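Bear in mind these aren't lab numbers, they're just calculated from the coordinates by the rules spelled out. All values reported here derive from a predicted model rather than from experimental measurement. Cβ placement follows ideal geometry from the backbone for every residue including glycine, while neighbour counts extend to all protein chains displayed.
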Amino acid sequence: MSKILLWFGRILGGFVVLIFTGGLLFVAIGSILEENSTDTNSGDFLEVLPMVIMIPLQLISYIITWFPKKRGELIGGIAMTTLSLCMGAYVIYDAGSLKLTMGSIFCIPFLIPGIVFIIYSQMKQNIE
């Protein structure tokens, strides 16, 4: 049962990290291309800067979960959970009228694998 939980977290976490990293690259490239245009409202890169920082940190946290000998599941799970709550809080602060919906879209996909890794780590510790 515990190995199923571990692989569920790894597969779901990998999928979420890939999707959000791809989206981040799409937004970052679009923002950079807009800065070269003649539009005066372009250059909103500072609005997405916190996400540009947090999504790569999520990727690093996910990679940490693959190192079981140094309690990587627990450390990575705590980092993923904390960063997902920070991302959700930032999006709720910045989202306008769709605050809760947008916050959930950015928080929950990283929160679930983070919690799964924490639960797996505790189950593994109880077995040992």
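Some notes on this structure:
- Between L12 and I60, the simple spin-label model (points 7 angstrom out along Cα→Cβ) gives 2.5 nm.
- When you restrict to C-alpha pairs under 8 Å that are six or more residues apart and normalise by the size of the chain, the relative contact order lands at 30 percent.
- Per the Debye formula on identical point scatterers at the alpha carbon atoms of region 57-127, with no solvent, log10 I(q)/I(0) at q = 0.26 Å⁻¹ is -0.99.
- Highest-MSF residue in the chain out of L57, L98, L74 [GNM, Cα springs under 10 Å]: L98
- With 5 Å bins from 0: P(r) over the chain, alpha-carbon pairs, percent: 2, 11, 19, 20, 16, 12, 8, 5, 3, 2, 1, 0, 0
- If you take all other residues with their beta carbon under 12 Å from the beta carbon of G72, and give Lys and Arg +1 and Asp and Glu -1, the sum is +4.
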